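Here's the structure, in structure tokens; my notes come after.
The values are calculated or read from the model by the stated rules, or taken from the named source; none is laboratory data. Fair warning: this is a prediction, and the values are worked out from it, not measured in the lab. Positions of Cβ are generated from backbone atoms using ideal geometry, with glycine treated the same way; all protein chains shown enter the neighbour counts.
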Amino acid sequence: MSTDYNRYRVLLTPLVKANTYGTTVDVTQDVDVSDWIADGGIGETNRELDEGDYQFASQYVFGDVKLLGLNHKGRWSGPEVATSYFPYSRDLAKVEIQFQDRGGTYSTIFRGVTNEEATRENVAEEAVEFSVLSLDSVLRKNTVSSGALTNGMLFSAAIKALINVPRVTTVLTYSAANINVDLDLAVDDASAMENLTTWDALQALLAAANSVLYVNDSGAIIVKSRTDNGGSAVGFYGPQDMFGRENIISISSYNTGLHRAFNSVVVNGEVASESDYSDKFGARMIDFTFGFVTSTVSAGLIAARMLREFKAPKIEFILEVSANDAEGLDLLDLALVDYGPQLRPANGDKLPVYGAAVYGADLYPVTIGSFRIPSQYAFKIIGIKKIPASGTAQIKLRQTGITLSDGLFSSATVGLYGTAIYGTHTYA
Amino acid sequence: MTITGGAKFFDRNLGLYKDGAGISATTNDALAKLMIDISRYTAWESSGSDDTTTETITWDLPTSRTIDRLLIVDHNLKQFTAQYWTGSAWADFSSVVGIDGALVGGISETAFADSTAYYEFAEVTTSRIQVTATKTQTADQEKQITTLIVTKELGTFSGYPIIAPTLNRPEVGKFALSGRLQSAKRGEIFTATITMTTHPTVADNVLAASLFDRDEAFLCWLCGGRRGSPYFQTTIKGFGLDDLYHVVTSGAHAATYVSNRYINPIDLPVSLVEALP
């Protein structure tokens, strides 16, 4: 019999009292996941950095997910019903959606919390539709209170102060060791952030610090620069791969990244610019105002760091792969993409081999297509969208590096197929 | 002993480069991995070799594998041997049967004349295979091997269902202003339909059902190791000795009893589609 895999599981951890969570329950049998292509099952999950074109610093997006709970036994009713999963409140219950891969291993693809105000009862169908909010919703429910941030605090300390509060840490995992900004300057006027939502204050601090925030698969909050995570690169291969490693279903939205390139950055009126890049690509300016920064020196440093990060256009595109191939990937992981034209022998036999083919005797292969992404280019993952309905995932990639010449793997891969060596091999 | 039955089905190639297998050759070592890819258009070829030179290919499987079949696909070798690693030494396979009958003393050929070699042998568990080649079918040519396969047999059809292989080259293109088609044809994709109508052999039905149950791709060899007279008047594409494909079943398993009498044989269509192993 076939192995049981490619399934989804939903785990629920409700509040038992204010800010205190109870036991985790596997509620899969009571959620409409048996037919996961149906409406009302599990929607798409999305995590993305710098989402949106023609800008950056629009920060982390972790999209909401809809769950349809079958309520004929009252499991999804409020705490007033004895059989309910919720002993205290339907609001802010932790939800974890897991995917079981071919090997039978479950891994988390989404974490969120229920939102009572968006919950809807469907009486006729004995069902309850939950809008499971992204974890940043916890951050949106707080405001920055007076005194939480102080003048002279470094950006990193301010970010830690905003995140390390009970309402957040009961839902997400916080560790000071995971908070590392790219540019760490002092907050000049903390009062500028009072009464903002925590999320708005965080976004501003992260933009000024040239850093990003995301939640990893373990539920830990990570703040770091946009530099890739290093280590081994995950490989994505196109139809031309001879070794059967093909795992790219499609490529879309391929572009040079010019929409996200800015060669003139203005922060609080202080300008940082690169004339070489504006000569080449035309003037591309972006403007920021940070009320908590009053020092012109700091404003200049922030502008310079943003310019350094975004002056060079970097290739971006979206890969569609199977859900299995997207498992275990995290934002800012390194990726190698090897996509190129398919080759067929011109004489119907074997392809000519670089270094062995005879010029004048062997024939160039027939190439099918012209689009190519060389394997020498290094990419980092800036978005992961999982689509249970189709069993696929969309991986958004951006070339690494900050100049026009970087963003390459250090050891180039020499292709085996191509032309004979002119001047080395004999004529027929 | 001879090879019996018709179309054969094997587990996927258990020694693929993409799964972590390593392979080396005496000459043109950098090309050796082309023998363990999935392309029929790539091959390893020796360099500076002739019929007095022995080329040795050492193949490290991704992990220790239990195998009972070895294939050397699309090659030009005349004199060659194949052995497996016991853990401490190279050893001959036992109870070997090739496409021309039983072999004595393991896999050792001196006058091989076909394009593909196939061997059935007593099951072994090993992590390495060694192939040595000395002579080519046309004397003193460079040795060439397209694909090496080690695997376990899943089953052989003993009956003769209707098998219709299709080799399609998907086309991409648009009509130009002139009205002519600007198109490019992609590589061949193999598909096959197997139709069992009033099929008398229960074991074939069971085999077909087991293939349907598999989640992984498997190898399909429609000729089953047979070629020429008296088996084939003409060899068509898909039925050649070189025609091995990694496939999966496609569509539903839809067996019916003939005339709805449960004691009757069954009708069973099976669709195969080429897949990544």
- Task: Look through B:LYS174, B:LYS185 and report the one residue that is surrounded by 14 or more Cβ atoms within 10 Å (Cβ to Cβ), without any contact (Cβ under 8 Å) to a residue 40 or more places away in the chain, basic (Lys, Arg) and more than 22 Å from B:SER271 (Cα to Cα).
- Result: B:LYS185
- Task: Determine whether region B:188-209 contains at least one residue that is within 14 Å of chain A (Cβ to nearest Cβ), free of Cβ contacts under 8 Å to residues at least 24 places away in the same chain, out of contact with any His (no Cβ under 7 Å at 6 or more places or on another chain) and farther than 25 Å from B:THR66 by Cα.
- Result: yes
- Message: Exactly one of these conditions fails for A:PRO365: (1) crowded, with 22+ Cβ neighbours inside 10 Å; (2) in contact (Cβ under 8 Å) with a residue 40 or more places away in the chain; (3) in contact with a Phe, Trp or Tyr (Cβ under 9 Å, 6 or more places away or on another chain). Give me its number.
- Response: (1)
- Output yes when any residue across region A:237-244 is surrounded by fewer than 16 Cβ atoms within 10 Å (Cβ to Cβ), touching a strand residue (DSSP E or B) at 6+ places or on another chain (Cβ under 7 Å) and closer than 30 Å to B:TYR41 by Cβ, and no when none is. yes
- Considering only region A:75-129, give the strands (runs of 3 or more DSSP E) lying wholly within it that have at least 3 residues that are more than 24 Å from the chain's Cα centre (by Cα). A:89-100, A:120-122
- Query: Any chance region A:360-370 includes a residue that's at pLDDT 85 or above and acidic (Asp, Glu)?
  - Reply: no
- Matching entry among B:THR138, B:THR156, B:THR151, B:THR110 (being of a type outside the set (Phe, Trp, Tyr) and within 24 Å of B:SER24 (Cβ to Cβ)): B:THR151
- Message: Going by what's in this entry, would B:ASP51 be described as part of a loop (DSSP other than H, G, I, E, B), surrounded by fewer than 21 Cβ atoms within 10 Å (Cβ to Cβ) and out of contact with any Cys (no Cβ under 6 Å at 6 or more places or on another chain)?
- Response: yes
- Task: Please state which of the following conditions B:THR26 fails to meet, knowing it meets all the rest: (1) touching a Ser or Thr at 6+ places or on another chain (Cβ under 8 Å); (2) within 14 Å of chain A (Cβ to nearest Cβ).
- Result: (2)
- Query: For region A:374-428, how many residues are closer than 22 Å to A:PRO345 by Cα and modelled with pLDDT of 90 or more?
  - Reply: 1
- Message: Quick check on region B:1-21: of everything there that is touching a helix residue (DSSP H, G or I) at 6+ places or on another chain (Cβ under 8 Å) and closer than 22 Å to B:SER64 by Cβ, which residue is nearest to the other protein chains (Cβ to nearest Cβ)?
- Response: B:TYR17
- Quickly run through region A:139-162 and pick out the residues that are surrounded by 18 or more Cβ atoms within 10 Å (Cβ to Cβ), free of Cβ contacts under 8 Å to residues at least 60 places away in the same chain and among the β-branched types (Val, Ile, Thr). A:VAL144
- For region B:231-264, how many residues meet the condition of being in contact with a helix residue (DSSP H, G or I) (Cβ under 7 Å, 6 or more places away or on another chain) and surrounded by 18 or more Cβ atoms within 10 Å (Cβ to Cβ)? 1
- Message: Would you confirm whether or not region A:322-340 contains a residue that is at pLDDT 90 or above, among the charged types (D, E, K, R) and more than 22 Å from the chain's Cα centre (by Cα)?
- Response: no
- Item | All positions within region B:137-150 that are crowded, with 22+ Cβ neighbours inside 10 Å and of a type in the set (S, T, N, Q) | B:THR146, B:THR147
- Query: Which strands (runs of 3 or more DSSP E) does region A:228-298 wholly contain that include 2 or more residues that are within 14 Å of another protein chain (Cβ to nearest Cβ) and touching a residue at least 40 places away in the same chain (Cβ under 8 Å)?
  - Reply: A:234-237
- Message: Which count do you get for residues in region A:130-176 that are out of contact with any Leu (no Cβ under 7 Å at 6 or more places or on another chain), within 24 Å of A:THR24 (Cα to Cα) and outside any helix (DSSP H, G or I)?
- Response: 10
- Query: How many residues are farther than 15 Å from B:VAL124 by Cα and in a strand (DSSP E or B) when one looks only at region B:72-94?
  - Reply: 9
- Task: Tell me which of these B:THR52 doesn't satisfy, since it passes every other one: (1) more than 8 Å from every other protein chain (Cβ to nearest Cβ); (2) closer than 20 Å to A:GLN240 by Cβ.
- Result: (2)
- For region A:191-203, how many residues are under 23 Å from A:LEU307 (Cβ atoms) and either touching a Phe, Trp or Tyr at 6+ places or on another chain (Cβ under 6 Å) or surrounded by fewer than 23 Cβ atoms within 10 Å (Cβ to Cβ) (or both)? 1
- Subset tally (residues that are part of a loop (DSSP other than H, G, I, E, B) and facing chain B (nearest Cβ under 10 Å)) for region A:308-351: 6
- Item | One residue from B:LEU167, B:LEU103 being within 14 Å of another protein chain (Cβ to nearest Cβ), out of contact with any helix residue (DSSP H, G or I) (no Cβ under 9 Å at 6 or more places or on another chain) and either closer than 17 Å to B:THR81 by Cβ or aliphatic (A, V, I, L, M) (or both) | B:LEU167
- Query: Picking from B:THR132, B:THR147, B:THR125, B:THR138, which residue would you name as being touching a Phe, Trp or Tyr at 6+ places or on another chain (Cβ under 7 Å) and either outside any loop (DSSP other than H, G, I, E, B) or in contact (Cβ under 8 Å) with a residue 60 or more places away in the chain (or both)?
  - Reply: B:THR132
- Message: I want to confirm something. Restricting to region B:29-49 and keeping residues that are farther than 14 Å from B:GLN144 by Cβ and acidic (Asp, Glu), which single residue is nearest to the other protein chains (Cβ to nearest Cβ)?
- Response: B:ASP37
